[in-house]
Structures are given as C-alpha cells and as structure tokens.
Protein chains: 2
Amino acid sequence: MDGEERVRIAIDAMGGDRAPEVVVQAAEEALKEIHAEFILVGHKERLKDLLKKYGLTQRVKVHHAEEVIEGEEQPTTAVKAKPCSSIVECVKLLKCREADALVSAGHTGAVMAAALLYLGKLKGVQRPAIVVRVPTKSGSCILLDVGANVDCRPLHLFQFALMGQAYARSMLHCPNPRVGILSIGEEKTKGNEVVLKAHSLLEKASINFVGNVEGRDIMDARVDVVVCDGFVGNVLLKFGEGFVQMIKGYLSEAFKENILRRCAGLLLKDILKDAMKKLDYTEYGGAPLLGVKGVCIICHGISSSKAIKNALKVAIEAKREKLIERIEESLKTRRWEMQAL
Amino acid sequence: MDGEERVRIAIDAMGGDRAPEVVVQAAEEALKEIHAEFILVGHKERLKDLLKKYGLTQRVKVHHAEEVIEGEEQPTTAVKAKPCSSIVECVKLLKCREADALVSAGHTGAVMAAALLYLGKLKGVQRPAIVVRVPTKSGSCILLDVGANVDCRPLHLFQFALMGQAYARSMLHCPNPRVGILSIGEEKTKGNEVVLKAHSLLEKASINFVGNVEGRDIMDARVDVVVCDGFVGNVLLKFGEGFVQMIKGYLSEAFKENILRRCAGLLLKDILKDAMKKLDYTEYGGAPLLGVKGVCIICHGISSSKAIKNALKVAIEAKREKLIERIEESLKTRRWEMQAL
C-alpha cells in the first residue's frame, strides 16, 4: 500500500471506560487531520445517535457487533464465548482483510487473546509483546513488553529486542537503534536470572546492543529500545502515570495558596502544560501489540478522545511503514541465531 | 535504651561518591540537630584535616579503617579480602556492641554481605530486604525490597510483608499498616507466578493485607507497605529518580525562555522546591536493611550531606523505636504460619 491509499482501520467503538462516545468523538477529530477509512465496530443502535451528533453518519462505516467483552472477564474464555463482541469482530475484519489495522481501548487481554486466536503469531515469534513510547530528555524511546507476558524466558526477551529494533527503525525512523535490557546495574553481572541469560544472548546477536540500562537511564536518552518482561514493564508504566498525576496534584494545590502564586501559575500555565504534555501518555497514542499477524493497537481503558486519535495515527503509520513485514523480516534473518540458542 | 541515652552510630566515612568530605559535613550538620555519638570510620590521616575544617576534632570519635571497598568489587569477595575496610569495620563495631547502628553510603552489596557475614540474619529470616520511603499524595509509604534480592520466592515476599509491617508500625507510627503486593492488576488472578503464590500466602496471614497494588497505586496513599522483589523495586526506585530529574530539567529549560517566564519562575521557586522536596530521595534519609541483627542504614552512593544527615536520623529512630526487636517479634509470632506454608 502506498502513502496515497487510504488505510482502513477497524475501531472498537465499545472499548474503554468512556465508550462509545469518546471513541466516536476521536474518529471525528481524527478525520480532520488524517486521510483514512474508519470502520466503527459496535452495537448499531447504540452508535446511531452518536454518529449523528458528531456528523459522522456518512463519513464512517459501521460494522455491527452484538456483544461487548467486559473488563473483568477472563480473556481467552471471553473471546471464545463472545465471537460477536466488538473486539473479536475487529480482529475478524483484519483477518479477512476488510481492515488494515485495528484500534481498541477495550480489554487488553481480550484483544491479545483474539489476535492470537484469529490472526496468529508471526513465524518464529514465541510471545507477542506490547510496546509503548516513553518520554526522554531529548525525545522518546520505546519500552517493551509492558504487559503481554508476565513470566518471560531469556529467549522471549531476546525476541522482544528484535521486535523493538524493527519498531524503532520503522516507526521512530531510527536507522540503528540502540537496544538495552532493563536491569539493576550497568555491569553485565547485575540482574535477575532471566535478565542475565538474556543479556548473554543479546551480546552475541547482530544488533546494536548497549547492555544493561537502569531505571533512571530510560529517560536519559541513552537507548532507543528498552527490553523487559511484561510484569516489570507494566508496573513501571503505571508507576510513571501515578507520578505525573501526583506532580500535577502538588502543583495545582500550590498555585491556589495565595494571589501572587495564582498569578505566577497563570504565567506558567503554558510551560507546565508543555512539560506535562511530554509526560502524557495520550500524546503517544496507543500501544502496538507486536508479534501477531496484523496491526493491533491497544489503548488505555481511560483513553481520552485525543489518546484514541493519536492511536489511530499510530495505526496508519504502522501500516504505511510496513511494521509487520519488518518484524517478520527481522525474525527471519535471525532465525539461525535463535536456533543456535 | 531510653530516649535520653545517646545512640552511638558508626558512620562509614569513606562510603559514597563524594566521601569522605560529604560524610564529615553531614556529621557536622547532624550534630546541630540531634543528640548522638558519632564514630567516623575511615582512614585517620585522610580524615584529620576534614575534622579540623568542620570543627569536629573534639566532637566525634574516629575509628581507623585502613581500606576502602570500591563500587565495582564483588561484594562477598571484597568483604572477605578487606576485613579492615571502612564498611567491615563499621559492621564489626556493631557486632561488638561499640555502636548501636551503622550508616554507609558505600557499596550496598558489600554492606549487605558484611552484615550477613558478621551480624547474621534474625531468627527465621530467609532473606534480608532493603526498604525505602516513597512519597504519596498525602504522605509516604514504604516499598521493599529495593535491591537486596533479585530472584525471590513467594515465602521471601511473605517475609518482606511481615518486616515491612513491623517497620511501618515502629518507624511510621502506623498502628495497623495496610500491606499490598505490587502487581499488574487489582484482581488476585493478576500477576506473575511468584506474586500469585505470595498473594495466596498473604491472604491467609494475620496481617492487614489489602491485596494487589498497581504501579500507580503506590502514590495514591492506598497502602502503607508495598511488597515486591528486589529487581522490580530497584528498577522502580531508579525510574522515579530519573523522572524527577527529567521534570526538573524540563522546567529549568522552560524558565529560561523569556523574561516573563523568568520572573514567574522566581515567584514559583518555593512551590517547585516544595514539590521537588516531596519527591526528593534525600529527604527520606537512608534505606534500612531489614532482617539482619543490627541497625544498618544504607545510603545512595550519590548522597549529599543532607541525605546522610537524614539517614543518621533514621538510624537513631530505628534504635529508639526498637525496630530490630519488633521485626524479630513479628517473625517469631508468625513462625507457625510460615511453618505451615
């Protein structure tokens, strides 16, 4: 597909804490900025009035989905029990090539389970991984996995490095991404058992491996790709969110203290807004699920319309930059390396 | 020991990136605020002029230590090879009851190795843990382990919960601390293998266990004690440090942009200072090593004199609040619970 052709995105209209309205709103906002075809997947009746409200009736397609997978459901069970849910319908559209990508702010586990069940893994991939962009002093880097796999083996981390490298090349336009593994010290002797083993695999690989990175190095812009298991990545990601919220809280309290501070607060509004913007997950769009046969972008359940809009942009970019093909290629060329492990 | 008696602290004068000067300075600053007896452990000749400079010659004791353990040395080997190093000498002073507590900003692993070798673990403790205070919206909570153990078994996490509870009771004056285990979702089915097993042990324990906490909950003041393995805790702690540094960087850049912003920056200096103070590790003093027979407070290698001063305060508090005895008691009363595991 060339840059001119419209990317077709299946959007889970029922996914997320504020769905379907926030999703419809995101589609409307996105259409102002991007050239794409949206297929809103959800309950027709529930979407009708919203499409009118946002003037989208003629501008997007609707694909009916009778059911919704709820947050507390067990992913695999739910995906099997609800084949007509919005998440599964999105995946099926991808499977039968009626869509080029999917975006969902619904149940992350269910998106993953549905993608594995209907699309399957790319050849050679043992485990898919969720990747996020993390702000750094001078831009951003990527962190993976942030929740797809809680217990990883060294080979999984090795593959995350390869997939992350392919992602950074195609999506961050970084020709020779520096790849690091998250650990508790710079020395190669530092880390837990899995990290130590993964480190020695990565050392031998034909990638730009810079060794261990510590928690504080993530933001130092020393690396482009940070590899970790999904447990650590998820905890870290949510810790970062909590941190930003806490700082916002501190500052807004402080600004209320007296009139002088109130004025200064007004003067600084833009600065703080800029700073917070850099730390704001919504700016970075959704988190791609790497390693499955299709572009699947997962959004936070609390996503705003801006966050979903940015995820839609990521989906288009992933399709145009041939992200899936690049990951497949990267794993293929390293098959002999992996077989030797 | 009652509140009136002077706590005797062995201070590793040679530990930390800016030792010995920053340590001597910390001792001088601390003596203005606290009633304690300091034994500076380090090379006599190297300390002489500094003691003069800070007017401490008559006010602190010096205990000579011929050697220093360097940051890159393997902990156990170094402790055995350098029995006259400042770290080992501090531990020996504790062992022979010439000091009530030790404070070191030196090699964390070496402090731990020396403590294990010379002091030993408290009865029933399988692994010691390093605990830190973490700022929350409305105060602080504690997080452990942050680096003593990289690969933990469920029983280790269970014991960290007990030690954390004892710490929160004695040091945070929290009568019934809420204990949570760090995981990737609130539901008890979420987590990696070790966390899931530890969760089920903690559920059965006679503690105020509130279940899983996520990364973002740490700052929400929902719990008083957060338990995790030392790998995750260490990564998180350093990530937090990196975050604070990045925000400071953003803001100081932004303030320079124009004269109006410069003025606003001046007006807001105090606010930002306050906010950053809440996030500043130096405010929270050192990190106690729990589970060994003695009060051992570990400081960050980059500690300022203020950080070391605050660590000295923590050491005094730990001695006065009978932290070690409380941990011992807590494990003793739960011995039958643990034997049943």
#### Entry: Within the range B:47-86, tally of residues that are out of contact with any Ser or Thr (no Cβ under 6 Å at 6 or more places or on another chain), surrounded by 15 or more Cβ atoms within 10 Å (Cβ to Cβ) and assigned to a helix (DSSP H, G or I)
7
### Task
Could you run through the range A:34-53 and say how many residues are more than 22 Å from A:Ile87 (Cβ to Cβ) and at pLDDT 95 or above?
3
### Query
Does A:Glu98 fit the bill of being of a type in the set (Asp, Glu), in a loop (DSSP other than H, G, I, E, B) and within 13 Å of another protein chain (Cβ to nearest Cβ)?
no
### Query
So which residues in the range B:218-237 are open to solvent by less than 10 Å² (accessible area, probe 1.4 Å) and at the interface with chain A (Cβ under 10 Å from one of its Cβ atoms)?
B:Ile218, B:Met219, B:Cys228, B:Gly230, B:Phe231, B:Val232, B:Gly233, B:Val235, B:Leu236
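One line per residue, one yes/no per condition, for (1) part of a helix (DSSP H, G or I); (2) modelled with pLDDT of 90 or more:
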{"position": "A:Arg222", "(1), (2)": "no, yes"}
{"position": "A:Phe231", "(1), (2)": "yes, yes"}
{"position": "A:Gly240", "(1), (2)": "yes, no"}
{"position": "A:Val244", "(1), (2)": "yes, no"}
{"position": "A:Lys248", "(1), (2)": "yes, no"}
{"position": "A:Arg262", "(1), (2)": "yes, no"}
### Task
Please tell me if B:Ala78 is among the small types (Gly, Ala, Ser) and free of Cβ contacts under 8 Å to residues at least 40 places away in the same chain.
yes
### Query
Got at least one residue in the range A:25-42 being within 25 Å of A:Ala110 (Cα to Cα), open to solvent by less than 50 Å² (accessible area, probe 1.4 Å) and in a loop (DSSP other than H, G, I, E, B)?
no
### Message
Against the condition in contact with a helix residue (DSSP H, G or I) (Cβ under 6 Å, 6 or more places away or on another chain) and over 25 Å from B:Glu321 (Cα atoms), how does B:Pro75 come out, does it pass?
### Response
yes
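Which one is farthest from the other protein chains (Cβ to nearest Cβ) among residues in the range A:154-199 that are of a type in the set (D, E, K, R) and under 8 Å from A:Asn212 (Cβ atoms)?
So the first thing to find is which residues in the range A:154-199 are of a type in the set (D, E, K, R), and the list is A:169, A:178, A:186-188, A:190, A:193, A:197.
Next, from what is left, pick out any that are under 8 Å from A:Asn212 (Cβ atoms): A:186-188, A:190.
Values: A:Glu186: 10, A:Glu187: 7, A:Lys188: 12, A:Lys190: 8 Å.
So the residue we want is A:Lys188.
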### Message
The conditions are (1) open to solvent by 10 Å² or more (accessible area, probe 1.4 Å); (2) at the interface with another protein chain (Cβ under 8 Å from one of its Cβ atoms); (3) under 23 Å from the mean Cα position of the chain (by Cα), and B:Gly215 fails exactly one of them. Which is it?
### Response
(1)
### Message
I'm trying to understand the selection: among the residues of the range B:88-117, which are out of contact with any Leu (no Cβ under 8 Å at 6 or more places or on another chain) and open to solvent by 10 Å² or more (accessible area, probe 1.4 Å)?
### Response
B:Glu89, B:Lys92, B:Cys96, B:Arg97, B:Glu98, B:Gly106, B:His107, B:Thr108, B:Gly109, B:Ala113, B:Leu116, B:Leu117
### Task
Would you please name the residue that is surrounded by the fewest Cβ atoms within 10 Å (Cβ to Cβ), looking only at residues in the range B:238-249 that are among the charged types (D, E, K, R) and facing chain A (nearest Cβ under 7 Å)?
B:Glu241
### Query
Among (1) closer than 24 Å to B:Leu267 by Cβ; (2) small (Gly, Ala, Ser); (3) within 7 Å of chain B (Cβ to nearest Cβ), where does A:Ser252 come up short?
(3)
### Query
Which number in (1) open to solvent by 70 Å² or more (accessible area, probe 1.4 Å); (2) in a loop (DSSP other than H, G, I, E, B); (3) closer than 23 Å to A:Thr108 by Cα marks the one condition that A:Gly15 misses?
(1)
### Query
Out of curiosity, is A:Val150 at negative phi, assigned to a loop (DSSP other than H, G, I, E, B) and touching a Leu at 6+ places or on another chain (Cβ under 7 Å)?
no
### Task
State which residue is nearest to the other protein chains (Cβ to nearest Cβ) when the search covers only the range A:136-153 and only residues that are over 10 Å from A:Asp229 (Cβ atoms) and surrounded by fewer than 24 Cβ atoms within 10 Å (Cβ to Cβ).
A:Lys137
### Task
Name every residue in the range A:255-269 that is facing chain B (nearest Cβ under 7 Å) and surrounded by fewer than 14 Cβ atoms within 10 Å (Cβ to Cβ), in order of residue number.
A:Leu260
### Query
Which residues, taken from the range B:131-147, are over 15 Å from A:Gly215 (Cβ atoms) and not in a loop (DSSP other than H, G, I, E, B)?
B:Val131, B:Arg133, B:Pro135, B:Thr136, B:Gly139, B:Ser140, B:Cys141, B:Ile142, B:Leu144
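This table checks each residue for (1) open to solvent by 10 Å² or more (accessible area, probe 1.4 Å); (2) small (Gly, Ala, Ser); (3) in a helix (DSSP H, G or I); (4) under 11 Å from B:Ala166 (Cβ atoms).
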residue: B:His300; (1), (2), (3), (4): yes, no, no, no
residue: B:Ala307; (1), (2), (3), (4): no, yes, yes, no
residue: B:Lys313; (1), (2), (3), (4): yes, no, yes, no
residue: B:Glu325; (1), (2), (3), (4): yes, no, yes, yes
residue: B:Glu329; (1), (2), (3), (4): yes, no, yes, yes
### Summary
Those residues of the range B:173-199 which are part of a helix (DSSP H, G or I), open to solvent by less than 90 Å² (accessible area, probe 1.4 Å) and touching a residue at least 12 places away in the same chain (Cβ under 8 Å) amount to B:Val194, B:Val195, B:Ala198, B:His199
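Which one of these is among the charged types (D, E, K, R) and within 23 Å of A:Leu323 (Cα to Cα): A:Glu21, A:Glu5, A:Glu29? Give the steps one after another, and end with the answer.
Details: A:Glu21 fails: within 23 Å of A:Leu323 (Cα to Cα); A:Glu29 fails: within 23 Å of A:Leu323 (Cα to Cα).
Unique residue meeting the criteria: A:Glu5.
When the range B:107-124 is examined, which residues are found to be at pLDDT below 95 and not polar (S, T, N, Q)?
Residues satisfying the conditions are B:His107, B:Gly109, B:Lys123, B:Gly124.
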### Message
Which of the numbered conditions does B:Ser206 fail, given that it passes all the others? Conditions: (1) part of a helix (DSSP H, G or I); (2) more than 10 Å from chain A (Cβ to nearest Cβ); (3) not hydrophobic (A, V, I, L, M, F, W, C).
### Response
(1)
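The values are calculated or read from the model by the stated rules, or taken from the named source; none is laboratory data. Just so it is clear, the structure is predicted and the values come from calculations on it, not from any experiment. Please note: Cβ atoms are built from the backbone with ideal geometry, for glycine as well, and neighbour counts cover all protein chains shown. These area figures cover heavy atoms from the full protein model, side chains too; ligands, DNA and RNA do not enter into them. Shrake-Rupley method; radii C 1.70, N 1.55, O 1.52, S 1.80 Å.
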